[in-house]
Amino acid sequence: MIGEAVEQALKDATYAVDWVRDGQAALLAVGTQAYDAVLLDLGLPKRDGVTVLQSIRAQGNPVPLLIVTARDAVEDRIQGLDSGADDYVLKPFEMSELLARIRAVMRRKAGVSGPVLSNGVLSLDPVSREVSIDGVATRLSAREFSLLQALLLRPGAILSRSELEDRIYGWNEEVESNAVEFLIYSLRKKLGSAAIKNVRGMGWMVSKEK
């Protein structure tokens, strides 16, 4: 029930979500897919959460990882953080706090200290889901937000169609034909044609301004 509630809350917050229910499947998923963040329970079948966490870090994977568990002993918290977790969230929790913690660890990975993502021209507020350019704020649809957030987390980096599709669709969602092109067209209409650049044959990017 908690997993279902978290999955729905993440989808409502515009995240593409993959949910696996045992430690072995978790290692397979993280080993074959690039994620912006991982929520990890400790009481998993087949492989416990600490073993999963240690394996992920042993492979050199720096993905932001939050332990979400009912284990509240100080020793458990110390072990989780010392094994490489970025945060430790105790059940029961407020969904709004969990979402805030996810945003925080994703910002840290991107090297961003403030709450707003910016490349010097575009500024994206993950809380309001508004993007500002030249002081004018514009609301985005859920998938427009997800795509632009993926680009602004890595300004100057080229993201391919498949990488962007991974940010806007979960495993069980049907990928719509030309969805990425449509979303970029829509964003350019709102923000200007220069907001997102196409690198022919490679993908799309936002400039990294000084």
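Among the residues of the stretch 113-129, none qualifies, meaning not one is among the acidic types (Asp, Glu), in contact with a Lys or Arg (Cβ under 8 Å, 6 or more places away or on another chain) and not in a loop (DSSP other than H, G, I, E, B).
If you check GLU173, GLU144 for being surrounded by fewer than 16 Cβ atoms within 10 Å (Cβ to Cβ) and either assigned to a loop (DSSP other than H, G, I, E, B) or in the same structural domain as LYS189 (by TED's automatic domain parsing) (or both), only one passes: GLU173. Residues in the stretch 51-68 include at least one that is modelled with pLDDT of 95 or more, charged (D, E, K, R) and in contact with a strand residue (DSSP E or B) (Cβ under 9 Å, 6 or more places away or on another chain).
Go through the residues of the stretch 133-146 one by one and say whether even a single one is in contact with a helix residue (DSSP H, G or I) (Cβ under 8 Å, 6 or more places away or on another chain), closer than 18 Å to GLN33 by Cα and of a type in the set (Lys, Arg). No, there is no match, as no residue in the stretch 133-146 is in contact with a helix residue (DSSP H, G or I) (Cβ under 8 Å, 6 or more places away or on another chain), closer than 18 Å to GLN33 by Cα and of a type in the set (Lys, Arg).
Quick one: which residue in ALA104, ALA100, ALA150, ALA137 is hydrophobic (A, V, I, L, M, F, W, C), closer than 20 Å to LYS197 by Cβ and not in a loop (DSSP other than H, G, I, E, B)? Quick ask: steps written out before the conclusion?
Numbers: ALA104 fails: closer than 20 Å to LYS197 by Cβ; ALA100 fails: closer than 20 Å to LYS197 by Cβ; ALA137 fails: closer than 20 Å to LYS197 by Cβ.
Only one candidate passes the filter, namely ALA150.
Do we have any residue at all in the stretch 147-161 that's small (Gly, Ala, Ser) and at pLDDT below 90? No: the stretch 147-161 contains no residue that is small (Gly, Ala, Ser) and at pLDDT below 90.
Taken together, ALA29, ALA58, ALA73 contain a single residue that is closer than 22 Å to ALA150 by Cα, among the hydrophobic types (A, V, I, L, M, F, W, C) and surrounded by fewer than 16 Cβ atoms within 10 Å (Cβ to Cβ), which is ALA29.
The values are calculated or read from the model by the stated rules, or taken from the named source; none is laboratory data. As the structure is a computational prediction, the values presented were derived from the model and not from experiment. Positions of Cβ are generated from backbone atoms using ideal geometry, with glycine treated the same way; all protein chains shown enter the neighbour counts.
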